[in-house]
Amino acid sequence: MIRLENIYKCFADKDVLSNVSMIIEKDKVNIINGPSGCGKTTLLNLISGIDTEYTGTITGIPKHISYLFQEDRLLPYFNTLDNVMFTLPESLDKEHKLKLAKKYLDALGLSNEYKTYPRKLSGGMARRVAIARSLAHPAQLLLLDEPFNGLNIELKHIVMDLILSGLNQMDQTIILVSHDQIILDYIKNKNIIDINI
Amino acid sequence: MKNFTTTNKKKVFAIVIWIGIWQIISLIVNQPLFLPSPIQTIVSLIELGKTTTFYISVGATLLRVLTGLLTAIILGIAFGLLSTKTHALQIFFEPVVSTIKSIPVMSFIILALLYLKSSYVPVLVCILLCFPVIYTNTQKGILSIDKKLIELAHLYKVSKVKIFTHIKLPAIMPYLLSAVLISIGFSWKSVVTAEVLSAPLHSIGYNLYTTKLYLDTQSLFAWTLIIVILSIIIEKIANNLYQNSKWHINGDNS
């Protein structure tokens, strides 16, 4: 269980998060809900440890975190397969990394794009590579910021099923930021957390 | 492939046109002392090629150019990287780099002649001229690194070596290559200029100096042609190395 207590975060005198407290439950999809600009991405940045400038306490953060950012953040000089393998733990041997990367790329319909460079991918394909990278990483905590942007309904379901299989098989804690109501309705085991400033 | 061939044909055609213009002007002037024709220049080059002095001079100058250029590249990258570590270091190096940039080549040469053997002067001048270009571009390359990719790598605990080879180096490489290409031209000009003044026995510059003494304009053109050809060859090699390296995003690799 991850606990956030009395979190305050401001950017240039503007409060982004003000006295936010919440409990992130294990074995559930924790959905962060709130209007646009309410600080959902900021919250994920604080939980992931990318942003350390805040007041309040965050406890229970596991060691291995995977984060699907709102932007794809793909390495421009490396192909799809290398991009997914780049963030996999160094402790895994190359063959294992290759197997993991291919598993998720195949599941997301990118089996013909292993050698494709990011600039040759469409927006939707690049998003899928970023999703494959975040799901392939064996993490205890998975942070997903608008994962379904640019995907069709069929792919959205595939992605959600992959996320849920990670929840069941890897004993993950999942935090999801999404406005996609159809997908949110699709998730059975969820914990909806509202942020309102 | 078709476009590639067409572009090359156009380039060859342009060169032929300019050589034609050169030939016509030299015929109008009709004074080889002032303007030798392309044919006279080639004949002079063939004559020079028959002597061993020619090869020794070209080899010695080439060695100076490569030594100066490589030293400037190593120092430029090292200090460029160092200067981006802290703002204080950047401020500390800046006056020196700005001064080197603005000092005329002649001042360097005359000063270096006081301290060094004549054969080393061109190398030092080459280093001083190329260093600021490499230094500045290394800095620009480092500043162009995508911070969000570094953030991603840190989150996933990617090793420092991998961060360098996968994120930093590819971002720096295009800037570095353009600096190296500019420096190749600089290095030839600076080495030969310094050789003319310092006159080491085996050098293209010394041979250029003797063409002035004997008013041998044909040989002057022949030596100059050699400098241009060698400079272009080195530039092409550097460019090909980069194009075939993994750091270059090739339009066809998909």
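Considering each residue of the stretch A:75-102, count those that are in contact with an Asp or Glu (Cβ under 6 Å, 6 or more places away or on another chain) and away from every other protein chain (no Cβ under 13 Å), and give that number. Working first, answer last.
Of the stretch A:75-102, the ones in contact with an Asp or Glu (Cβ under 6 Å, 6 or more places away or on another chain) are A:80.
Okay, now just the ones that are also away from every other protein chain (no Cβ under 13 Å), so none.
Residues flagged as in contact with an Asp or Glu (Cβ under 6 Å, 6 or more places away or on another chain) and away from every other protein chain (no Cβ under 13 Å) within the stretch A:75-102 amount to 0.
Given the stretch A:1-63, what strands (runs of 3 or more DSSP E) lie entirely inside it while holding 2 or more residues that are in contact with a Lys or Arg (Cβ under 7 Å, 6 or more places away or on another chain)? If you could, list the steps in order and put the result at the bottom.
Working: elements: A:2-11, A:14-24, A:29-33, A:55-59.
Strands (runs of 3 or more DSSP E) meeting the threshold: A:14-24, A:29-33.
Out of all the residues in the stretch B:192-200, is one or more touching a residue at least 12 places away in the same chain (Cβ under 8 Å), on the phi < 0 side of the Ramachandran plot, out of contact with any strand residue (DSSP E or B) (no Cβ under 7 Å at 6 or more places or on another chain) and in a loop (DSSP other than H, G, I, E, B)? Steps first, answer last, please.
Just the residues of the stretch B:192-200 that are touching a residue at least 12 places away in the same chain (Cβ under 8 Å), to begin with: B:192-200.
Retained after the next criterion (residues that are on the phi < 0 side of the Ramachandran plot): B:192-198, B:200.
Applying the additional criterion that residues be out of contact with any strand residue (DSSP E or B) (no Cβ under 7 Å at 6 or more places or on another chain) yields B:192-198, B:200.
If we keep only those that are in a loop (DSSP other than H, G, I, E, B) too, we end up with B:200.
Taking every residue of the stretch B:192-200 in turn, at least one turns out to be touching a residue at least 12 places away in the same chain (Cβ under 8 Å), on the phi < 0 side of the Ramachandran plot, out of contact with any strand residue (DSSP E or B) (no Cβ under 7 Å at 6 or more places or on another chain) and in a loop (DSSP other than H, G, I, E, B).
Condition first: assigned to a helix (DSSP H, G or I), of a type outside the set (A, V, I, L, M) and free of Cβ contacts under 8 Å to residues at least 40 places away in the same chain. Now tell me which residues in the stretch A:70-108 satisfy that.
Keep residues of the stretch A:70-108 that are assigned to a helix (DSSP H, G or I), which gives A:80-86, A:94-107.
Within this subset, residues satisfying the condition of being of a type outside the set (A, V, I, L, M) are A:80, A:82-83, A:86, A:94-97, A:99, A:102-104, A:106.
A:D82, A:K94, A:E95, A:H96, A:K97, A:K99, A:K102, A:K103, A:D106, listed by residue number.
Could you please give the count of residues in the stretch A:48-68 that are facing chain B (nearest Cβ under 7 Å) and either over 25 Å from A:V16 (Cα atoms) or in contact with an Asp or Glu (Cβ under 7 Å, 6 or more places away or on another chain) (or both)? Break it down into steps so the answer makes sense when it comes.
Here is the first cut: in the stretch A:48-68, the residues facing chain B (nearest Cβ under 7 Å) are A:48, A:50, A:65, A:67.
Narrowing further to those that are either over 25 Å from A:V16 (Cα atoms) or in contact with an Asp or Glu (Cβ under 7 Å, 6 or more places away or on another chain) (or both): A:50.
Counting residues in the stretch A:48-68 that are facing chain B (nearest Cβ under 7 Å) and either over 25 Å from A:V16 (Cα atoms) or in contact with an Asp or Glu (Cβ under 7 Å, 6 or more places away or on another chain) (or both) gives 1.
Each row is one residue, and each column tells you yes or no for (1) over 21 Å from B:N239 (Cα atoms); (2) charged (D, E, K, R); (3) modelled with pLDDT of 90 or more.
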position	(1), (2), (3)
B:L143	yes, no, yes
B:I150	yes, no, yes
B:K168	no, yes, yes
B:I182	no, no, yes
B:V192	yes, no, yes
B:V196	yes, no, yes
B:I204	yes, no, yes
B:L215	yes, no, no
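If you take the residues in the stretch A:109-152 that are out of contact with any Lys or Arg (no Cβ under 6 Å at 6 or more places or on another chain), assigned to a loop (DSSP other than H, G, I, E, B) and small (G, A, S), which one is nearest to A:T173 (Cα to Cα)?
Of everything passing the filter in the stretch A:109-152, A:A139 is nearest to A:T173 (Cα to Cα).
Check off (1) surrounded by 18 or more Cβ atoms within 10 Å (Cβ to Cβ); (2) among the aliphatic types (A, V, I, L, M); (3) closer than 26 Å to B:P36 by Cβ; (4) within 16 Å of the chain's Cα centre (by Cα) for B:L177 and give me the number that stays unchecked.
Unmet for B:L177, out of (1) surrounded by 18 or more Cβ atoms within 10 Å (Cβ to Cβ); (2) among the aliphatic types (A, V, I, L, M); (3) closer than 26 Å to B:P36 by Cβ; (4) within 16 Å of the chain's Cα centre (by Cα): (3).
Given the conditions (1) crowded, with 19+ Cβ neighbours inside 10 Å; (2) within 14 Å of chain A (Cβ to nearest Cβ); (3) not acidic (D, E), report the number of the one that B:V121 does not fulfil.
All conditions pass for B:V121, except number (2).
Any idea how many residues of the stretch B:156-207 are within 14 Å of chain A (Cβ to nearest Cβ) and either among the β-branched types (V, I, T) or touching a Cys at 6+ places or on another chain (Cβ under 8 Å) (or both)?
So the answer is 6.
Could you list all residues from the stretch A:109-157 that are away from chain B (no Cβ under 11 Å) and either among the basic types (K, R) or on the phi > 0 side of the Ramachandran plot (or both)?
A:G109, A:R127, A:R128, A:E146, A:G150, A:K156
(1) hydrophobic (A, V, I, L, M, F, W, C); (2) outside any loop (DSSP other than H, G, I, E, B); (3) surrounded by 14 or more Cβ atoms within 10 Å (Cβ to Cβ): which one isn't true of A:I182, the others all being true?
Every listed condition holds for A:I182 apart from (3).
Out of everything in the stretch B:144-155 that is touching a residue at least 12 places away in the same chain (Cβ under 8 Å) and not acidic (D, E), what residue ends up being nearest to the other protein chains (Cβ to nearest Cβ)?
We begin by selecting, within the stretch B:144-155, every residue touching a residue at least 12 places away in the same chain (Cβ under 8 Å); these are B:144-146, B:149-150, B:153.
Pick out the ones that are also not acidic (D, E) and you get B:144-145, B:149-150, B:153.
Values: B:S144: 11, B:I145: 11, B:L149: 6, B:I150: 10, B:A153: 8 Å.
If we take residues in the stretch B:144-155 being touching a residue at least 12 places away in the same chain (Cβ under 8 Å) and not acidic (D, E), then B:L149 is nearest to the other protein chains (Cβ to nearest Cβ).
Which of the residues that make up the stretch A:49-69 are of a type in the set (S, T, N, Q) and surrounded by fewer than 15 Cβ atoms within 10 Å (Cβ to Cβ)? Full working, then the answer.
Of all residues in the stretch A:49-69, those of a type in the set (S, T, N, Q) come to A:52, A:55, A:57, A:59, A:66.
Of everything in the stretch A:49-69, those that are of a type in the set (S, T, N, Q) and surrounded by fewer than 15 Cβ atoms within 10 Å (Cβ to Cβ) turn out to be A:T52, A:T55, A:T57, A:T59.
Which residues, counting only those in the stretch A:2-52, are without any contact (Cβ under 8 Å) to a residue 60 or more places away in the chain and at positive phi?
Hits for the stretch A:2-52 are A:N6, A:A12, A:D13, A:N19, A:G37, A:G49.
The values are calculated or read from the model by the stated rules, or taken from the named source; none is laboratory data. Keep in mind that what you see is a predicted model, and the values were worked out from it rather than measured. Ideal geometry is used to build each Cβ from the backbone, glycine not excepted, and the neighbour counts take in all protein chains shown.
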